[in-house]
Structure formats: structure tokens, C-alpha cells
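The structure under discussion appears below in the form of C-alpha cells.
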């Protein structure tokens, strides 16, 4: 089950990464901000999402700007690193190294069930095709 979940989650991250890369290509190297009226890519002052204050609630604009492509790609990278840390070693244990280099192990060792960490990483994608209810934490 863990291998299926890890593979499916990796595929979802691929989809998100492709969307973020495509968005980043619209305004390379830009810092996205909400200026009270528009979401703009600051490097070039190009608009990346349009809406007047009458149509775009400020919280919506702030949310869009806070989830700019660079941030999304950093989050995807962190999730991929977590997937790597939770790769099966010795059959069904995952391990990490702390700042001293000591090995720490995920305590979830049941081969028939996915690690709780992977289940939690997959939960935001529960509305996507291929998600299995048995993966729900």
C-alpha cells in the first residue's frame, strides 16, 4: 500500500509542479504581490491575475499572491524530500538523519498500511482521481 500511495502522491506533485512552472514562465523571476487592486508580478509589473477591488476581495488577492509559483515549487520540493525520507528501507521502515547524523526511524512498520505521514501528505489531493479512501488518515 505504501508504494502505491507514494507513487500516486508523486504523480500529483508532478501535476502541481507543471502548473507552477507554467505560471512562473509567464513572469520569470518575479515576486508576486497584491497591491490592493491587482495581483502583480513585481519584477516587470506585469499583471498575472486581474480584478478590481469591486470584484476581487482583498483576501483573495492576498491568497493568490502568497501562493506564487516559486513558493509552490518550494513546497513541492519539500514534499518530494519527505517522500524520499519515507521510502521503504529494509522492507517497511523509513529512516531520516537528524542534524547530528543519527538515524531516526518512522515507527510505522505495518506493511499492509501506509505510513501516517504519507497519508497526511496525500490528504490535500483527496479530491483527485485515483485517491483511495483507505489512504485517508
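The values are calculated or read from the model by the stated rules, or taken from the named source; none is laboratory data. Note that the coordinates shown come from a computational prediction; the quantities given were computed from them, not determined experimentally. Ideal geometry is used to build each Cβ from the backbone, glycine not excepted, and the neighbour counts take in all protein chains shown.
Could you tell me how many of the residues in region 52-89 are modelled with pLDDT under 65 and surrounded by 16 or more Cβ atoms within 10 Å (Cβ to Cβ)? Of the residues in region 52-89, 0 are modelled with pLDDT under 65 and surrounded by 16 or more Cβ atoms within 10 Å (Cβ to Cβ). Remark: pairs (first residue in region 17-36, surrounded by 13 or more Cβ atoms within 10 Å (Cβ to Cβ); second residue assigned to a loop (DSSP other than H, G, I, E, B); Cβ separation under 6 Å; 6+ apart in sequence or on different chains) = 30/42; 30/43; 32/68; 33/42.
Please find, among 30, 22, the residue that is in a loop (DSSP other than H, G, I, E, B) and at pLDDT 80 or above. Quick ask: steps written out before the conclusion?
On the way: 22 fails: in a loop (DSSP other than H, G, I, E, B).
The conditions single out 30.
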